[in-house]
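Structure first, commentary second.
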Amino acid sequence: MSQEHHSNPVINNLFQTLKRHPKRIVFADGEDIRVIRVAARMVAMEIAAPILIGNREIIHLLAIKDSTSMKYISVIDPTTSSDIKLFCNRLQKVSRYRGKEISDPHNTVSRPHNFAAMMIQYGHADAMIAGNQSLPAAVFRAAISMIKPVPKVPQVFGATVLTAPQNTNFGRNRILFMADCGVIPDPDVKQLASIAVETGKLAHHFLGRRPRVAMLSHSTHGSAQTTSAKKVIAATELARQRIHADMLDIDLDGEIQADVALDSSTAEIKLLDARAQEPADVLVYPNLDAGHIALKLLEQLAGASGYGQLIMGISRPAAQVSRTVSEEALLGTAAILGVEAIKTNDLRLAKQKA
């Protein structure tokens, strides 16, 4: 395990949690030496049971050439899997319910991303990672098509977890949750409010405390009267109403500028009530351009490590990673998904008992 991960208490805690409750993590793009190495590390750390999707011969050949052990790593080729018929039947039933017809269900299900998504939807695995060898659109399309949505979320979106080795303004625990950095080009008021609430819930789960959510804008509490600022103001109010109605343990402020969100001395000067506050844990961006640009700048210039686009708004844990993803980022993303899977499983058991 790298020093980078070990030095951040939140990320380190994820490994400790998973060691007590290992989960089955499926990698949809399994024909990748980075994935094979990460899978072997996960086995050695005893934090997960990795499942690689792809051609068995190709994957084993890559492992042999790299002298990487495949012990306790499962490999599934969708085209020859014993589950293909079961998944085809389920896809046809769901499609008919939605008023659609699938002309070739075998071809649809045998695509790696679709097969992996079906695995986590129907309990054959606990979480899915994809994107290291494919386009983001293919990953999100599989998640949206194959995995049951969360009723209160109007549209699927992406949330990224960022950590930094040393930066006093980088959240309270050197960790930030950012959304939406990958999916919705220009979210409306309802979508923006949902992004804030759902990402706040995600942060609460991982931080184990009441998170602070910042609805970002170029304006702070009415300093500008633009259409964009007004949208963030309306979304902030709607998000507050939902936090109150659902009795969520989340603090939320908006519309505010990024320096106000992250630096308490700046907040003292710019906020009308002149109250110092803790730095934000969650940054919610007004549109995709702002979120994605900020994410790349933090990674490239501030040395931040990004984990995923966690696919939010679906009922099972899944993430899309970049084609340039590092092994450390793959490992960290897998750990985040594994811990999310523990929460998902706990909620499912609670519903069954209710």
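Elements of the type strands (runs of 3 or more DSSP E) sitting completely within the stretch 1-98 and holding at least 3 residues that are in contact (Cβ under 8 Å) with a residue 24 or more places away in the chain and touching a helix residue (DSSP H, G or I) at 6+ places or on another chain (Cβ under 8 Å): these cover 23-27, 48-53.
So that you can scan it fast, the table gives a plain yes or no per residue for (1) crowded, with 24+ Cβ neighbours inside 10 Å; (2) in contact with a strand residue (DSSP E or B) (Cβ under 6 Å, 6 or more places away or on another chain); (3) polar (S, T, N, Q):
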{"residue": "Ala127", "(1), (2), (3)": "yes, yes, no"}
{"residue": "Phe140", "(1), (2), (3)": "no, no, no"}
{"residue": "Thr160", "(1), (2), (3)": "yes, yes, yes"}
{"residue": "Ala179", "(1), (2), (3)": "yes, yes, no"}
{"residue": "Ile184", "(1), (2), (3)": "no, yes, no"}
{"residue": "Arg209", "(1), (2), (3)": "no, no, no"}
{"residue": "Ala229", "(1), (2), (3)": "no, yes, no"}
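Within the stretch 224-231, does at least one residue satisfy the condition of being farther than 27 Å from Ile336 by Cα, touching a Ser or Thr at 6+ places or on another chain (Cβ under 6 Å) and of a type in the set (Lys, Arg)? Within the stretch 224-231, not a single residue is farther than 27 Å from Ile336 by Cα, touching a Ser or Thr at 6+ places or on another chain (Cβ under 6 Å) and of a type in the set (Lys, Arg). Scanning the stretch 267-291 for residues that are part of a helix (DSSP H, G or I) and surrounded by fewer than 18 Cβ atoms within 10 Å (Cβ to Cβ), we see that the one that is modelled with the highest pLDDT is Asp289. Screening Ile47, Ile64, Ile84, Ile51 for residues that are in the same structural domain as Ile129 (by TED's automatic domain parsing) and in contact with a Leu (Cβ under 7 Å, 6 or more places away or on another chain) leaves exactly one candidate, Ile47. Any residue at all in the stretch 320-336 that's β-branched (Val, Ile, Thr), within 25 Å of Arg172 (Cα to Cα), in contact with a strand residue (DSSP E or B) (Cβ under 8 Å, 6 or more places away or on another chain) and part of a helix (DSSP H, G or I)? Scanning the stretch 320-336 turns up at least one residue that is β-branched (Val, Ile, Thr), within 25 Å of Arg172 (Cα to Cα), in contact with a strand residue (DSSP E or B) (Cβ under 8 Å, 6 or more places away or on another chain) and part of a helix (DSSP H, G or I).
Residues in the stretch 193-203 that are under 18 Å from Gln241 (Cβ atoms) and not β-branched (Val, Ile, Thr): Ala193, Ser194, Ala196, Glu198, Gly200, Lys201.
Selection of first residues in the stretch 180-199 that are more than 18 Å from Val213 (Cα to Cα) and of second residues that are in a helix (DSSP H, G or I) and not polar (S, T, N, Q), restricted to Cβ pairs under 6 Å at least 6 apart or on distinct chains, gives the following pairs, ordered by first then second residue: Pro185/Leu288.
Residues in the stretch 186-207 that are touching a strand residue (DSSP E or B) at 6+ places or on another chain (Cβ under 7 Å) and of a type in the set (D, E, K, R): 1 in all. Name, by its number, the condition in (1) more than 23 Å from Met312 (Cβ to Cβ); (2) in contact with an Asp or Glu (Cβ under 9 Å, 6 or more places away or on another chain); (3) aliphatic (A, V, I, L, M); (4) surrounded by 15 or more Cβ atoms within 10 Å (Cβ to Cβ) that does not hold for Met119. Result: Met119 fails condition (1) only.
The values are calculated or read from the model by the stated rules, or taken from the named source; none is laboratory data. These figures come from a predicted structure and were not determined experimentally. Please note: Cβ atoms are built from the backbone with ideal geometry, for glycine as well, and neighbour counts cover all protein chains shown.
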